[in-house]
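**Q** Starting off with a structure, shown below.
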Amino acid sequence: MTDFVNAARHSRDGRLLRNQQREATADHLAGLAAECALKAILGALGAWAGAQPQRPYRVHIDALWGQFLGYAHGPQARYLVPLSAHPSNPFVHWTIEHRYWNEGNIGTAAELSARWAACEACMLSLAHAQADGVVP
Amino acid sequence: MNPVRFDEAWSLARAWVEANLAPAHPILVRDLYGRIRLAVDDEAGYPLPSPEALKELHAALGAFSAGAESLLLVKSEMLAPDMIFESPDLVRGENVSLLERGIVGADWGRPRLGVGSATRIALYGVKGGVGRSTAGAVLAHELSRRGLGVLVLDLDLESPGIGTTMLPADRLPDYGLVDWFVEDAVGQADDELLDAMVAVSPLEADGHLWVAPAGGRLRSGYEYLSKLARAYVGVTRSSGAVDFATRLSDLADRLEARLQPDVVLLDSRAGLHDIAAIAVTRLGAYSLLFAVDSPQTWQAYRILFEFWRQHYGAFREVRSNLRMVAAMVPETESQSYVESFQQNSYELFADTVYEQAGEFNFDLTSQEAPHNPLRINWMRALQQYDPVNRPQAVTPDQVQAAMGAFVESVASVCYPS
């Protein structure tokens, strides 16, 4: 059952892994967490009726990052505004397929670092939206 | 290399896409930062632009490109394609459609939400200080004298006033419009609250005269700004996300159902804010556009009318319900003032929204033309207008001299056909 807000647990678990130098899986979770955080916020923007988006599982963070500013509008869009401070698409080379790859091939240290920072930014935006009561 | 500026990027994108990508039937989306994307409906069979074409467009747009990888949105790959392809804010063109994404401002181009069960009249001025609220109070009283039931809504939440003009301090209701919005946000905007938001004005004559002020009676424990800070937020109901415009429309409907007025006067905020847009364009109101004959006023109206020219589909719903008001015709040389006003007003309409080869077109002197102003005469005596606290300060004759013709014209709109 979809619950984008709770799925931000991926970021907490990712942090634990990162602290243990388990970079590859942490990076994978960073992408999932960012995806869920963005979807939670977009849901509050009225991006879809009811709890489910039209394409719940098809769009992951690598594609979603390029899209979300196309959806953002209205006063509730302010939660997405800080995310546009990031370089063009920090997740452009992240893919859901990484789960099947050799951990050495998923990206450079710099790329992973940038993805982690972007994930944290998404979590912060979600936290603001929750603090404001806009996301439950 | 010269930077490509905000306006230039948009017109460049539109021209380039029209010339090169028309078969894709794209939607040009301009985001919160003015950055531009193309959305293409591949599911409808439209061809995607080539990578070379996208690269060229990206380079041409400079800082206002959404980015080389983000420039193209393909419908089958989008999380929430309806947000773009079914957006109510789409301005559809033959080949290329446009979609603006802003934090505010969309209400000027959005369709009517409803017309209500009463005759709604919006009093608006793009610039303030033109005597709108005084005119509203006079109008309310005169319509009540004619036996019409009148409800006045103070929609100038950021600068409330007409409530205080029409209600003495001891008759201000406990709650006001800002209370409605915060209570409604948590699902407890009930009839008890509605009743506590409305008071009867002493300006009432033969017909009822109710006033719903922006805020309730100021008292210990009553906060206004903390509610105003939250008034515009959208809420989520079981039916989905509900924006402020819908909430305001629902409030107007509920007050009309409760009180059954013949006329609802919407005292709008001045300026280009969304709440003004809702009052003027989205509630089915006959909108009185107050103006003085000054360059600042015409320039400001031109911003709005230019927007309407570009969003003519939405404007069509509104255009028969507009009327200019020459709000402060001076006591001396009034004829030349009115002529100058009429000329400037005509040019405003003719340059933007009159159809050269269509039915919405009027001559300079046409009496029914929306550009031809109703007239309110500035009179020194009326500066003392305070009917609730000092009813003797201005005589009925003085009010008649200033606003008699204006009231007659508006009253003729109010009688049910």
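**Q** At 222 nm, what helix-only mean residue ellipticity would chain B give, in deg cm²/dmol to the nearest 500, using -39500 (n - 2.57) for each DSSP H run of four or more?
**A** It comes out at -10500 deg cm²/dmol, rounded to the nearest 500.
**Q** Taking K and R as +1 and D and E as -1, what net charge do the other residues with C-beta under 12 Å from the C-beta of B:ASP41 add up to?
**A** Working: positive: B:LYS75; negative: B:ASP42, B:GLU43, B:GLU77, B:ASP82, B:GLU86.
My count for the surroundings of B:ASP41 gives -4.
**Q** Can you list, bin by bin at 10 Å, the percent of alpha carbon pairs in chain B, starting at 0?
**A** 4, 20, 27, 23, 15, 8, 2, 0
**Q** Can you give the net charge of the other residues whose Cβ lies under 15 Å from the Cβ of B:GLN383, counting K and R as +1 and D and E as -1? Walk me through the intermediate numbers first.
**A** Values: positive: B:ARG132, B:ARG380, B:ARG390; negative: B:GLU331, B:ASP386.
Neighbour charge sum, excluding B:GLN383 itself: +1.
**Q** Still on this model: Quick one: helix B:132-145 against the long Cα principal axis of chain B, what's the angle to the nearest 10°, folded into 0 to 90?
**A** That helix lies at roughly 50 degrees to the long axis.
**Q** Also, I was wondering about something else. Please list B:SER117, A:SER113 in order of solvent-accessible area, largest first, computed with a 1.4 Å probe with all protein chains present.
**A** On the way: B:SER117 95, A:SER113 60 Å².
The ranking, largest first, comes out as B:SER117, A:SER113.
**Q** Okay, moving on. Hey, rough spin-label estimate for A:ASN105 and B:GLN367, points 7 angstrom out along Cα→Cβ, what's it come to in nanometres?
**A** 8.4
**Q** A further question on this structure: For the range B:372-383, just list the computed ³J(HN,Hα) in residue order, Karplus coefficients 6.51, -1.76 and 1.60, θ = phi - 60°, integers in Hz, with x standing in for Gly and Pro.
**A** Running phi through 6.51 cos²θ - 1.76 cosθ + 1.60 with θ = phi - 60° gives 7, x, 6, 10, 10, 8, 6, 9, 4, 4, 6, 5 Hz.
**Q** A further question on this structure: How much of the accessible area of the range B:79-227, probe 1.4 Å, is carbon plus sulfur, in whole percent?
**A** On the way: 2730 of 5790 Å².
For the range B:79-227, the apolar C and S fraction of the accessible surface comes to 47 percent.
**Q** Here's something else I'd like to know. Using the alpha-carbon atoms, what tilt in degrees (0 to 90, nearest 10) does helix A:61-71 show relative to the longest principal axis of chain A?
**A** Approximately 20 degrees, to the nearest ten.
**Q** Which lysines, if any, have their Cα less than 23 Å from the Cα of B:LYS55, not counting same-chain residues under 8 positions apart?
**A** By straight Cα distance, B:LYS55 reaches B:LYS75.
**Q** Okay, moving on. When you look at the Cβ of every residue in B:225-233, what mean number of other chain Cβ atoms sits within 10 Å? All intermediate terms of the calculation are to be shown ahead of the outcome.
**A** Details: counts 0, 0, 0, 0, 0, 2, 0, 2, 6.
That average works out to 1.
**Q** Taking only the Cα atoms of the range B:158-300, how large is their convex hull per residue, in Å³?
**A** On the way: hull volume 20.5 nm³, N = 143.
Spelled out: Cα convex hull of the range B:158-300, divided by residues, is 143 Å³.
**Q** Further question on the same structure: Averaged across the residues of A:73-83, what count of C-beta atoms belonging to other chains lies within 10 Å of each residue's C-beta?
**A** Average per residue, whole number: 5.
**Q** Per residue, how much space in cubic angstrom lies within the convex hull of the C-alpha atoms of the range B:98-244? Could the numbers behind the result be given before it?
**A** Values: hull volume 21.9 nm³, N = 147.
Convex hull volume per residue, Cα atoms: 149 Å³.
**Q** Same structure, new question: Apply the Karplus curve 6.51 cos²θ - 1.76 cosθ + 1.60, θ = phi - 60°, to the phi angles in the range B:194-211 and return the couplings in whole Hz, x for Gly and Pro.
**A** 3, 5, 7, 9, 10, 10, 8, 8, x, 7, 4, 10, 7, x, 4, 9, 9, 10
**Q** Enumerate the amide H contacts of B:LEU322 below 5 Å, restricted to partners 5 or more residues apart or on another chain; note that Pro and chain-start residues carry no placed amide H.
**A** The answer is B:SER287.
**Q** Then there's this: Report the calculated FRET efficiency for A:GLN54 and A:ASP3 (r = Cβ-Cβ distance, R0 = 25 Å), to the nearest 0.05.
**A** Working: r = 17 Å, r/R0 = 0.70.
Efficiency at R0 = 25 Å is approximately 0.90.
**Q** GNM, chain B, Cα, under 10 Å: largest mean-square fluctuation among B:ALA276, B:ALA122, B:ALA19?
**A** Of B:ALA276, B:ALA122, B:ALA19, the Gaussian network model singles out B:ALA19 as fluctuating most.
**Q** With a ≥ b ≥ c taken as the square roots of the eigenvalues of the C-alpha gyration tensor of the range B:44-130, please select rounded if a/c is under 1.5 and otherwise prolate if a/b is larger than b/c or oblate if it is not?
**A** Numbers: a/c = 3.38, a/b = 1.98, b/c = 1.71.
Here the range B:44-130 falls in the prolate category.
**Q** When the distances between all Cα atoms of the protein assembly as shown are binned every 20 Å from zero, what whole-number percent does each bin get?
**A** Reading upward from the zero bin: 19, 45, 28, 7, 0.
**Q** Tell me, what ³J(HN,Hα) does each residue in the range B:322-329 have, in order and in whole Hz, if you take phi through Karplus 6.51 cos²θ - 1.76 cosθ + 1.60 with θ = phi - 60° and put x for Gly and Pro?
**A** Here the 3J(HN,Hα) series is 10, 8, 6, 10, 7, 7, 9, 5 Hz.
**Q** What order do B:MET403, B:MET328, A:MET123 take when sorted by accessible area (1.4 Å probe), most exposed first? Intermediate results must be reported in sequence, preceding the final value.
**A** On the way: B:MET403 5, B:MET328 60, A:MET123 35 Å².
From most accessible down to least: B:MET328, A:MET123, B:MET403.
**Q** Amide H neighbours of B:GLY125 under 5 Å, counting only residues 5+ apart in sequence or on other chains, H built in-plane at 1.01 Å?
**A** B:GLY271, B:PHE290
**Q** Where a ≥ b ≥ c are the square roots of the eigenvalues of the C-alpha gyration tensor, would you call the range B:280-343 rounded, which needs a/c under 1.5, or, failing that, prolate if a/b is larger than b/c, or oblate? Please list the in-between numbers first.
**A** Values: a/c = 2.90, a/b = 1.92, b/c = 1.51.
Prolate is the answer for the range B:280-343, as a/c is 1.5 or above and a/b outweighs b/c.
**Q** Continuing with this model, one more query. Compute the signed sum of charges (Lys and Arg +1, Asp and Glu -1) over the other residues within less than 11 Å, Cβ to Cβ, of B:GLY149. Write down the numbers at each step before the final one.
**A** Working: positive: B:ARG146; negative: B:GLU204, B:ASP206, B:GLU256, B:ASP262.
Once all neighbours under 11 Å are counted, the net charge is -3.
**Q** Follow-up. Beyond 13 Å, how much of the Cα-Cα pair distribution for the range B:115-168 remains, as a whole percent?
**A** On the way: 894 of 1431 pairs.
Everything past 13 Å amounts to 62 percent.
**Q** Could you grab the relative contact order for the range B:1-143? Cα pairs under 8 Å, six or more apart, rounded to a whole percent.
**A** On the way: 161 pairs, mean separation 34.8, N = 143.
Rounded, it is 24 percent for the range B:1-143.
**Q** A:ARG18: accessible area at probe 1.4 Å, nearest 10 Å²?
**A** 80
**Q** Then there's this: Kindly express, to the nearest 10 degrees and within the range 0 to 90, the angle between helix A:23-44's C-alpha long axis and the longest C-alpha principal axis of chain A.
**A** So the inclination is approximately 10 degrees.
**Q** Could you state how much accessible area A:TRP101 has, in square angstrom rounded to the nearest 10, with a 1.4 Å probe and all protein chains kept in place?
**A** The value for A:TRP101 is about 120 Å².
**Q** Non-local amide H neighbours of B:LEU209 (under 5 Å, H modeled in plane, Pro and chain starts lacking H): which ones?
**A** Those qualifying (amide H under 5 Å, at least 5 residues apart or on another chain) are B:VAL150, B:SER201.
The values are calculated or read from the model by the stated rules, or taken from the named source; none is laboratory data. No experiment lies behind these values; they were computed from the predicted model shown. Heads up, the Cβs are rebuilt from the backbone with ideal geometry, glycines too, and the neighbour counts pull from every protein chain shown. Please note that ligands, DNA and RNA were not included when accessible areas were found on the heavy atoms of the full protein model with its side chains. Shrake-Rupley method; radii C 1.70, N 1.55, O 1.52, S 1.80 Å.
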